[in-house]
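Can you keep this structure in mind? I'll have questions shortly.
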Amino acid sequence: MAELAPLQNDSTRYDYDLFVIGAGSGGVRAARTAAAAGARVAIAEDRYLGGTCVNVGCVPKKLYSYAAHFRDSFEDASGFGWRLPAAPEFEWATLRDNKVGEIKRLNRIYDRMLDNAGVRLIHGRARVVDAHTVEVADETISAAKILIAVGGWPWVPTFPGSELTITSNQVFDLDSFPERLLVLGGGYIAVEFASIFNGLGSDTHLVYRGELFLRGFDHEVREFVRDEMVKKGATLRLETNIESIRKVENGLDVTLTNGERLEVDAVLAATGRRPHLAGLGLDKLDVALSNTGHIEVNERFESSVPSILALGDVTGGAELTPVALAEAMHMVQHHFGEIPPSKPLDYHNIATAVFCHPNIGTVGLSEQQAREACGDIRVYTTDFRPMKHTLSGSSERCLMKLIVDDHSDVVVGAHMVGDEAGELIQGIAIAVRAQLTKADFDATIGIHPTGAEEFVTMRTLTRR
Ligand code: NDP
């Protein structure tokens with residue numbers, strides 16, 4: 001393939017400097033930032049502005065998680081002297097419809113942001129025709145660079161009755177509340193939705209094929225979450241899978257591979273996501289894919305066809321909105337900025353939260369990973385009943401954990417399970433990223449009385 005002419009010479013050759021396919025988190029950020037850098041940008045979207053995160057992911061999930069937490073709050077209130085006039089009742093339609101209103105508001109904001117940035121928005125599924133051409137909504141458009149930011153799509157394994165399952169694309173908008181719900185899977189989505197629907201009052205069953213969900217997370221964290229979820233009433237069915245689902249008069253009859261049968265109103269398959277490449281036409285263009293089907297890119301986010309760029313979930317890696325946003329800004333700096341970034345994007349120490357109940361917040365290495373990476377480590381843990389629950393009567397506990405490289409004293413991992421763990425670990429992530437030492441943590445004076453102060457007062461070694 002011939003080298004691309006520099007951007008300033010492309011303005012007459014192509015209709016646009018950048019054509020973005022997919023107006024999700026990464027695509028919109030790339031389009032706006034490139035336009036702000038002076039590029040002529042168009043973006044195509046065939047579904048909803050804001051992509052998975054805004055429409056069927058992070059945003060509605062967090063709203064539903066808030067909704068689910070109220071059940072605990074109502075129960076906690078009586079110990080503080082509050083008498084509720086009657087047993088609280090949950091109304092699914094109110095939550096769902098309020099959520100719809102909020103998402104529409106966000107869709108409009110995205111629309112306005114693109115418009116204000118001078119990005120042309122085209123509604124339709126774009127197809128890449130060649131290295132510089134796309135077809136969308138009956139138009140053929142040329143661009144110096146084409147960015148694929150189409151994200152992922154839920155994937156469901158095939159078994160008898162698998163077509164009766166729903167995914168995270170449908171679960172927010174069900175016509176009626178599933179009084180009995182089976183969640184299949186053991187990743188972020190499965191544990192979050194099992195917690196949410198359990199909190200909202202569903203009889204919730206989490207079915208996971210492995211020994212314990214959240215594979216890859218710190219083992220102690222996983223065990224702690226398992227115990228807390230069980231205390232809150234979720235039923236865990238581990239080391240089993242769905243064999244078949246049959247529609248029956250009052251719901252779905254599910255048979256598990258361990259022989260158990262249960263009747264539920266809905267089965268949510270949270271069995272992973274795959275790149276959403278169907279119909280894009282990349283197969284005709286020799287765009288190299290990894291063995292997981294993700295688009296392979298270099299540190300400039302170029303695919304094997306250099307004018308075709310890709311970022312976000314479609315490239316695999318950490319499938320998280322903030323990662324897609326960071327990639328978008330990095331990509332724009334590389335291709336449209338005055339000075340290219342001096343270093344590749346740093347994917348180390350990405351903090352993340354799982355909004356199960358209680359939440360998980362985590363950054364850096366798990367104890368198991370740290371043992372492999374550092375050899376000698378020190379582990380500090382604290383597991384306590386938060387002050388709030390001395391009066392609420394709740395048996396919910398909180399876990400905090402620091403993992404320290406014994407040679408350098410650097411804190412290489414921090415983990416928490418407890419109220420607002422995501423909020424709290426974000427600040428700790430700065431310290432971990434800055435490679436601060438346990439001595440730095442110890443020298444930090446705590447804020448009293450908070451749970452967070454435990455992170456700077458863990459003096460007693462739990463184990464090596
Ligand atoms: P994950 O890939 O995290 O989890 C998929 C789960 O499905 C795994 O537990 C896997 O089991 C199980 N599974 C896979 N195939 C089968 C099968 N054939 N039968 C039974 N079980 C199966 O995907 P999710 O859908 O949960 O989430 C996708 C991504 O979205 C996450 O990786 C995360 O990056 C992102 N996300 C982030 C959130 C956040 O930041 N809070 C929230 C939600 C999603 P096994 O472990 O054995 O492989």
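Could you tell me how many of the residues in the range 166-195 are more than 9 Å from the ligand (Cβ to nearest atom), open to solvent by less than 20 Å² (accessible area, probe 1.4 Å) and out of contact with any helix residue (DSSP H, G or I) (no Cβ under 9 Å at 6 or more places or on another chain)?
1
On the given criteria, is A429 touching a Pro at 6+ places or on another chain (Cβ under 9 Å), within 25 Å of E228 (Cα to Cα) and of a type in the set (A, V, I, L, M)? Steps first, answer last, please.
Details: touching a Pro at 6+ places or on another chain (Cβ under 9 Å): no; within 25 Å of E228 (Cα to Cα): yes; of a type in the set (A, V, I, L, M): yes.
Judged against the criteria, A429 is not a match.
May I ask you to verify whether S408 is in contact with a His (Cβ under 8 Å, 6 or more places away or on another chain) and surrounded by fewer than 17 Cβ atoms within 10 Å (Cβ to Cβ)?
Judged against the criteria, S408 is not a match.
Only one residue in L238, L262, L309, L320 is among the hydrophobic types (A, V, I, L, M, F, W, C), within 13 Å of the ligand (Cβ to nearest atom) and surrounded by 16 or more Cβ atoms within 10 Å (Cβ to Cβ). Which one? Quick ask: steps written out before the conclusion?
Values: L238 fails: surrounded by 16 or more Cβ atoms within 10 Å (Cβ to Cβ); L262 fails: within 13 Å of the ligand (Cβ to nearest atom); L309 fails: within 13 Å of the ligand (Cβ to nearest atom).
Answer to the selection: L320.
To continue, here is another question. Could you please let me know if Y48 is crowded, with 17+ Cβ neighbours inside 10 Å and not in a strand (DSSP E or B)?
Values: crowded, with 17+ Cβ neighbours inside 10 Å: yes; not in a strand (DSSP E or B): yes.
So Y48 fits the description; yes.
Tell me, please, whether a residue that is modelled with pLDDT of 95 or more, out of contact with any strand residue (DSSP E or B) (no Cβ under 7 Å at 6 or more places or on another chain), in a loop (DSSP other than H, G, I, E, B) and within 16 Å of the ligand (Cβ to nearest atom) can be found in the range 337-347.
yes
So K284 fits all but one of (1) modelled with pLDDT under 95; (2) under 17 Å from the mean Cα position of the chain (by Cα); what number is the exception?
Among (1) modelled with pLDDT under 95; (2) under 17 Å from the mean Cα position of the chain (by Cα), the lone unmet condition for K284 is (2).
From the list G317, G312, G361, pick out the single residue that is at pLDDT below 95, closer than 22 Å to K61 by Cα and not aliphatic (A, V, I, L, M).
On the way: G312 fails: at pLDDT below 95; G361 fails: at pLDDT below 95.
None of the others qualify; the one that does is G317.
Oh, and also: Go through the range 42-77 residue by residue and tally those that are out of contact with any helix residue (DSSP H, G or I) (no Cβ under 8 Å at 6 or more places or on another chain), of a type in the set (S, T, Y) and away from the ligand (no atom under 16 Å from the Cβ).
The qualifying residues number 1.
Please name all residue pairs, on different chains or six or more residues apart, with Cβ atoms under 7 Å, provided the first residue is in the range 40-67 and is at positive phi and the second residue is surrounded by fewer than 20 Cβ atoms within 10 Å (Cβ to Cβ) and modelled with pLDDT of 95 or more.
Every condition considered, the pairs that remain are G50/L106; G50/N107.
Counting just the residues of the range 241-252 that are touching a residue at least 12 places away in the same chain (Cβ under 8 Å), more than 11 Å from F159 (Cβ to Cβ) and of a type in the set (D, E, K, R), which one comes out surrounded by the most Cβ atoms within 10 Å (Cβ to Cβ)? I'd like the intermediate steps shown before the answer.
Step one: filter the range 241-252 for residues touching a residue at least 12 places away in the same chain (Cβ under 8 Å), giving 241-248, 250-252.
Applying the additional criterion that residues be more than 11 Å from F159 (Cβ to Cβ) yields 246-248, 250-252.
With the extra rule that they be of a type in the set (D, E, K, R), the set shrinks to 246-247.
Values: R246: 13, K247: 10.
By that ranking, first place goes to R246.
Something else now. If you check H357 against the conditions, is it surrounded by 22 or more Cβ atoms within 10 Å (Cβ to Cβ) and closer than 22 Å to Y66 by Cβ? Spell out how you get there, then give the answer.
Details: surrounded by 22 or more Cβ atoms within 10 Å (Cβ to Cβ): yes; closer than 22 Å to Y66 by Cβ: yes.
So H357 fits the description; yes.
For E91, indicate whether it is surrounded by fewer than 14 Cβ atoms within 10 Å (Cβ to Cβ) and under 26 Å from L285 (Cα atoms).
Numbers: surrounded by fewer than 14 Cβ atoms within 10 Å (Cβ to Cβ): yes; under 26 Å from L285 (Cα atoms): no.
Against the criterion (surrounded by fewer than 14 Cβ atoms within 10 Å (Cβ to Cβ) and under 26 Å from L285 (Cα atoms)), E91 does not qualify.
Additional query: Looking at (1) open to solvent by less than 60 Å² (accessible area, probe 1.4 Å); (2) touching a residue at least 40 places away in the same chain (Cβ under 8 Å), which is the one condition that is false for H334?
With (1) open to solvent by less than 60 Å² (accessible area, probe 1.4 Å); (2) touching a residue at least 40 places away in the same chain (Cβ under 8 Å) applied to H334, the lone miss is (2).
Another one. Here are V297, V314, V305: which of them is in a loop (DSSP other than H, G, I, E, B) and touching a strand residue (DSSP E or B) at 6+ places or on another chain (Cβ under 6 Å)? Explain how you work it out, then say what you get.
Details: V314 fails: in a loop (DSSP other than H, G, I, E, B); V305 fails: touching a strand residue (DSSP E or B) at 6+ places or on another chain (Cβ under 6 Å).
Within the list V297, V314, V305, the selection yields V297.
Does P160 satisfy the condition of being closer than 30 Å to H357 by Cβ and either open to solvent by less than 30 Å² (accessible area, probe 1.4 Å) or not β-branched (V, I, T) (or both)? Talk me through it step by step, then tell me what you get.
Working: closer than 30 Å to H357 by Cβ: no; either open to solvent by less than 30 Å² (accessible area, probe 1.4 Å) or not β-branched (V, I, T) (or both): yes.
Against the criterion (closer than 30 Å to H357 by Cβ and either open to solvent by less than 30 Å² (accessible area, probe 1.4 Å) or not β-branched (V, I, T) (or both)), P160 does not qualify.
Among the residues in the range 108-117, are any in a helix (DSSP H, G or I) and closer than 30 Å to E179 by Cβ?
To start, the set of residues in the range 108-117 that are in a helix (DSSP H, G or I) comprises 108-117.
Narrowing further to those that are closer than 30 Å to E179 by Cβ: none.
Within the range 108-117 (the criterion being in a helix (DSSP H, G or I) and closer than 30 Å to E179 by Cβ), the answer is no, since none of the residues qualifies.
Separate question: Taking the range 417-432 as the search range and keeping residues that are free of Cβ contacts under 8 Å to residues at least 60 places away in the same chain and open to solvent by less than 80 Å² (accessible area, probe 1.4 Å), which one is farthest from the ligand (Cβ to nearest atom)? Walk me through it before giving the result.
Filtering the range 417-432 for residues free of Cβ contacts under 8 Å to residues at least 60 places away in the same chain gives 427, 430-431.
Applying the additional criterion that residues be open to solvent by less than 80 Å² (accessible area, probe 1.4 Å) yields 427, 431.
Numbers: G427: 17, A431: 21 Å.
Residue satisfying both the conditions and the ranking: A431.
Shifting gears a bit: Can you tell me which residue in the range 222-235 is nearest to N349 (Cα to Cα), limited to those that are more than 14 Å from the ligand (Cβ to nearest atom) and crowded, with 18+ Cβ neighbours inside 10 Å?
First, the residues of the range 222-235 that are more than 14 Å from the ligand (Cβ to nearest atom): 223-224, 227-235.
This time we only want the ones that are crowded, with 18+ Cβ neighbours inside 10 Å, so: 224, 228-229, 232, 234.
Working: F224: 22, E228: 26, M229: 27, K232: 31, A234: 31 Å.
By that ranking, first place goes to F224.
Report yes if some residue within the range 194-203 is closer than 23 Å to P275 by Cβ and either touching a Phe, Trp or Tyr at 6+ places or on another chain (Cβ under 6 Å) or among the small types (G, A, S) (or both); otherwise report no. Give the derivation first.
First, pick out the residues of the range 194-203 that are closer than 23 Å to P275 by Cβ: none.
No, the conditions are met nowhere in the range 194-203.
Within the range 135-152, is even one residue touching a residue at least 12 places away in the same chain (Cβ under 8 Å), of a type in the set (S, T, N, Q) and in contact with an Asp or Glu (Cβ under 7 Å, 6 or more places away or on another chain)?
yes
If you go through the range 307-327, how many residues are within 21 Å of the chain's Cα centre (by Cα) and more than 22 Å from G422 (Cβ to Cβ)? It would help to see each step written out before you state the result.
Going through the range 307-327, the residues within 21 Å of the chain's Cα centre (by Cα) turn out to be 310-327.
When the remaining residues are screened for being more than 22 Å from G422 (Cβ to Cβ), the result is 310-311, 314-316.
Number of matching residues: 5.
Give the residue that is surrounded by the fewest Cβ atoms within 10 Å (Cβ to Cβ), with candidates limited to residues of the range 207-220 that are of a type in the set (A, V, I, L, M, F, W, C) and under 18 Å from the mean Cα position of the chain (by Cα).
Of the residues in the range 207-220, the ones of a type in the set (A, V, I, L, M, F, W, C) are 207, 212-214, 217.
From what is left, the residues that are under 18 Å from the mean Cα position of the chain (by Cα) are 213-214, 217.
Details: F213: 24, L214: 22, F217: 20.
Going through the qualifying residues, I end up with F217.
The values are calculated or read from the model by the stated rules, or taken from the named source; none is laboratory data. Being a predicted model, the structure only gives us computed values, none of them experimental. Every residue, glycine among them, receives a Cβ derived from its backbone with ideal geometry; neighbour counts consider all protein chains shown. Only protein heavy atoms, including side chains, enter the accessible area calculation; ligands, DNA and RNA are left aside. Shrake-Rupley method; radii C 1.70, N 1.55, O 1.52, S 1.80 Å.
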